[in-house]
Structures are given as C-alpha cells and as structure tokens.
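What follows draws every value from the coordinates through simple rules; no lab data is involved. The model shown is predicted, which means the values in this text are computed figures rather than measured ones. No Cβ is skipped: glycine too gets one built from the backbone with ideal geometry, and neighbour counts run over all protein chains shown.
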Amino acid sequence: MPPPRTATERDWVADLHARDPVAITDLHGLLVRAARFEVGRRRGALPHADGAALDDLAVQAADDALSAILAKLHTFRGESRFTTWAYKFALLEASVRMRRRAWHDREIALDDDAWPRIAAAQPSPQESAETNERLSRLAAAMRDTLTRHQREVLVAVALDGVPIDVLAERLGTTRGALYKTVHDARRRLRAQLEGDR
C-alpha cells in the first residue's frame, strides 16, 4: 500500500468531489490561513476590533470560501495549482467581510441633496465660476436624465465612496446590478453633457 499523499501532492479535485473529510478539513485550514492573512493586511480598516473579532471574521470568511469552492469545484480548469485557485476565494471573502464590517454602522445617505457635497473646496473665483457652471449642468443632467435609483446609486458610489458590495447588501440587490446601474448612469450623463456643448 502506497504511503498517503501530502496536502501538496493531493489530487484536491478528486478528493473534494468525493467529499473526503480529510481533504475538506485540510482545505479549510488552508483557507483560514489565507483569510487571516487578508484580514491582517486590512486590519487598519477596523482599528477598534480586537484580535478575537478579527479571527472570527477570518474563520467566517474561510467557511464561506469553502462553501463557494465546493459549489464551483466543477469550474476548476487546472490552469493553476488548485491551492492557488482556492486561496483566491478566501482572499475575496475576507476582503468583502472587512469592507462590510468597516461600513456596518455607517449611514449611507441616499438622497437628492447629496450632490453639492462635491464642491466643498475653495478654488479661485474663476475656477469657482467654472466649477459651479459644470456642477449646475451635471446636477441638471442628473435630475433630467437619470432615474431616482440611478441618482441614488451614483451618489453613494461616486461621492460617498460606499463599496459596491456594501451598497448591494443594503439595497437587497447584487453587485452586478449596481455595476450596471452605475455604468448606465455614467453613459447617460456623458451623452447628455456632450449634447449640451
């Protein structure tokens, strides 16, 4: 009987398709290490979180990454090492959790009056006049061209810096839908403003 393979020699895909508990446990350990690395790298986003809370966040990210990997195992094409492919799932889940936690208690203003916040700096009188004219044209284009939903999403993402995944969670939609909303809003604004020249 041949000796058991080490984790680096393992046929991960076959073992995971067979739902081998040892392979799943080993993979979860790898994902926890990857998630802890990413949480540590982004620790500055949560300066008041203690080590236990950050470790819990990393384990949750690893749990979600494991579930995603098992669900998408059939998509692994072997173009890289399996562990490299799996590692990316943990990094993504950890970064998403860190962004969401950083925005957890922050209010996201979705209102029509949010747009003027962009012109808060004190430029020269000429620059101020030009900026005010551009902002007036932009505000009019936003009001006349965009839907209310497009305005709210564009202001939240472009002005308030709300991460797409956080906004998607708050609005009960997907990141893809919000990316499309922002893309469509920008396209419509660009067409309107170019037509006004």
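List of remarks:
- ARG33/ALA53 FRET efficiency (R0 22 Å; Cβ-Cβ; nearest 0.05): 0.75
- Put in order of Cβ neighbour count within 10 Å, fewest first, the listed residues VAL32, VAL155, VAL22 become VAL22, VAL32, VAL155.
- Ordering of 73-79, 94-100 by burial proxy (mean other Cβ atoms within 10 Å per residue, highest first): 94-100, 73-79
- Taking all pairs of distinct alpha-carbon atoms in the stretch 133-197, Kirkwood radius in angstrom: 12.1 Å
- Here the translational diffusion coefficient of the stretch 8-102 follows from Stokes-Einstein with Rh set to the Kirkwood radius across Cα pairs; for 25 °C and 0.890 mPa s it amounts to 181 µm²/s.
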